[in-house]
1. Please return the ranges of strands (runs of 3 or more DSSP E) entirely within region 38-88 where 1 or more residues are over 10 Å from the mean Cα position of the chain (by Cα) and under 14 Å from Leu100 (Cα atoms).
2. Looking at this structure, is Leu15 farther than 16 Å from Lys101 by Cα, out of contact with any helix residue (DSSP H, G or I) (no Cβ under 6 Å at 6 or more places or on another chain) and modelled with pLDDT under 95?
3. Taking Ala84 and the conditions (1) out of contact with any strand residue (DSSP E or B) (no Cβ under 6 Å at 6 or more places or on another chain); (2) surrounded by 15 or more Cβ atoms within 10 Å (Cβ to Cβ), which numbered condition does it fall short on, given that it satisfies the others?
4. Within region 89-102, which residues are in contact (Cβ under 8 Å) with a residue 60 or more places away in the chain and in a loop (DSSP other than H, G, I, E, B)?
5. Could you list, in sequence order, all residues of region 28-37 that are of a type in the set (Gly, Ala, Ser), within 9 Å of the chain's Cα centre (by Cα) and modelled with pLDDT of 95 or more?
Amino acid sequence: MSHKGYKTNLMLPLLLILPLITIYCGGSGVVGNYYSPGDPADILEINKDGTFYCKEDGMGFSGTWQVKDDKLRLILTSGITAEARIVGEQIVDNEGKIWLKKK
């Protein structure tokens, strides 16, 4: 009795699920455009390529982002790092400012 077909049957579902796990764990759920309800001119764009752009108080910043657990880390091109919490469809920065995801 051959087990080769058995292994193939197990591998197919794993190969289909693996990309979903990678996307979810990689933080792509945070990808999107955000605004601050207190100042709608303030925007935060989290891009799926791992980059971001933020315009706050008329100044623009860009860099890369990472997600670990419920923490979003923004690494500016200058090397400065800022952290925020991901709370559902919202981002709460280290100053308590709430950013809502645009629908």
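1. Values: elements: 39-46, 51-56, 59-68, 71-76, 81-87.
Hits in region 38-88: 39-46, 51-56, 81-87.
2. Working: farther than 16 Å from Lys101 by Cα: yes; out of contact with any helix residue (DSSP H, G or I) (no Cβ under 6 Å at 6 or more places or on another chain): yes; modelled with pLDDT under 95: yes.
So Leu15 passes the test.
3. (1)
4. Filtering region 89-102 for residues in contact (Cβ under 8 Å) with a residue 60 or more places away in the chain gives 91, 97-102.
Across region 89-102, the qualifying residues are Lys97, Lys102.
5. Our first condition is that a residue be of a type in the set (Gly, Ala, Ser); within region 28-37, this holds for 28-29, 32, 36.
When the remaining residues are screened for being within 9 Å of the chain's Cα centre (by Cα), the result is 28-29, 32.
Passing the criteria: only Gly32.
The values are calculated or read from the model by the stated rules, or taken from the named source; none is laboratory data. Note that the coordinates shown come from a computational prediction; the quantities given were computed from them, not determined experimentally. We place every Cβ from the backbone using ideal geometry, glycine too, and count neighbours over all the protein chains shown.
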